[in-house]
1. Collect the residues in region 190-231 that are surrounded by 16 or more Cβ atoms within 10 Å (Cβ to Cβ), of a type in the set (D, E, K, R) and either touching a Ser or Thr at 6+ places or on another chain (Cβ under 8 Å) or under 20 Å from Ala97 (Cβ atoms) (or both), keeping them in residue-number order.
2. In region 113-131, which residue that is touching a Lys or Arg at 6+ places or on another chain (Cβ under 9 Å) and of a type outside the set (A, V, I, L, M, F, W, C) is nearest to Ile32 (Cα to Cα)?
3. Within the set of pairs 6+ apart or on separate chains, which have a first residue in region 166-185 that is under 10 Å from Val248 (Cβ atoms), a second that is at pLDDT 95 or above and surrounded by fewer than 18 Cβ atoms within 10 Å (Cβ to Cβ), and C-beta atoms under 6 Å apart?
4. Say we look at region 190-222 and pick out the residues that are assigned to a loop (DSSP other than H, G, I, E, B) and of a type in the set (Gly, Ala, Ser); which of these is farthest from Arg106 (Cα to Cα)?
5. Quick one: how many residues across region 95-122 are surrounded by fewer than 22 Cβ atoms within 10 Å (Cβ to Cβ), touching a helix residue (DSSP H, G or I) at 6+ places or on another chain (Cβ under 9 Å) and not in a loop (DSSP other than H, G, I, E, B)?
6. As an exercise: evaluate Ala177 against (1) under 25 Å from Gly116 (Cα atoms); (2) touching a Gly at 6+ places or on another chain (Cβ under 8 Å); (3) not in a strand (DSSP E or B) and give the number of the one condition it does not meet.
7. Looking at this structure, is Ala234 crowded, with 18+ Cβ neighbours inside 10 Å, without any contact (Cβ under 8 Å) to a residue 24 or more places away in the chain and within 19 Å of Gly92 (Cβ to Cβ)?
Amino acid sequence: MAAGLHDERSGSGPDVVLVHGALGDYRQWDAIASTLAPRFRVHAVSRRHHWPGPMPAVDAPYSYEGHREDLVAFLSAIDRPVHLVGHSYGAGVVLMAALHSPERLRSLTIIEPALGSLLPDVVHGLDEERADRAAGLAHVRALAEAGQDAAAAELFTDWIQGGPGGFAKLPDHVQAALIQNARTILPMMAAPQPDVAPAHLRTLGVRTLVVNGEHTRLWYRLIGAAAASLIPGACTETLPGCAHMTIVEDPARMAALLERFLDS
């Protein structure tokens, strides 16, 4: 454990740091890390409070800013520029780290970022999406507060995957790991989302790839489109057949996509 992170390291070559999203841990990257390891030194990290570290207390400090600080300290310890990759909540963390310390990066990949501050003001269907998200998260919070962590994790995953059955469609080992990290839900929901303004992204001078799933819900699709339009020179990719959980839905195609970008 370094700087609050668990570092599962493999391979040799240029450094690639992989940061998971909500309810995740480094195991979500296993298949991708195995593909990258022959040519890269891969760091698949678990963020603070995630497996295999101790689960957080309900009132534990848990915020994008805290995870960014952990990550920046981790990158400083590596002491050479890295390819930085993040998914979902982790995509927000790595984007904030890139804005804070761009000199630490060789490239940035943000997969399905979840920063609501980047949403446009008016888009058809967005009001309904906001209302659906608020109702869904309120139900998730109620389950977690009642001690039904596994049910809360399943419902949360259903929402991010687009609706009922989203959790059940994921591989069994992914489901099990999401439930193992379910106690992070309440601390995560207690912290407000950071105010990462569009103007901040326009200043980012790091070679960037933005990835979305073909079937991801409107919330993530709009955020990804905004990030891609704001970051100078950003490349975009769409992963066919995937919803939000791209890195575990089609890890082989995601790894190939990453290799192409890192080599470009």
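1. Correct list: Arg207 only.
2. Gly116
3. Listed pairs, sorted by first residue: none to list.
4. Ala191
5. 8
6. Result: Ala177 passes all but (1).
7. Answer is no for this residue.
Yes/no per residue for (1) closer than 20 Å to Arg141 by Cβ; (2) of a type outside the set (D, E, K, R):
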site: Ile160; (1), (2): yes, yes
site: Phe167; (1), (2): yes, yes
site: Leu170; (1), (2): no, yes
site: Gln180; (1), (2): yes, yes
site: Ala191; (1), (2): yes, yes
site: Val196; (1), (2): no, yes
site: Glu214; (1), (2): no, no
site: Ser229; (1), (2): no, yes
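The values are calculated or read from the model by the stated rules, or taken from the named source; none is laboratory data. On a predicted model such as this, the values are computed, not experimentally measured, just so you know. Positions of Cβ are backbone-derived with ideal geometry, glycine not excepted, and every protein chain shown enters the neighbour counts.
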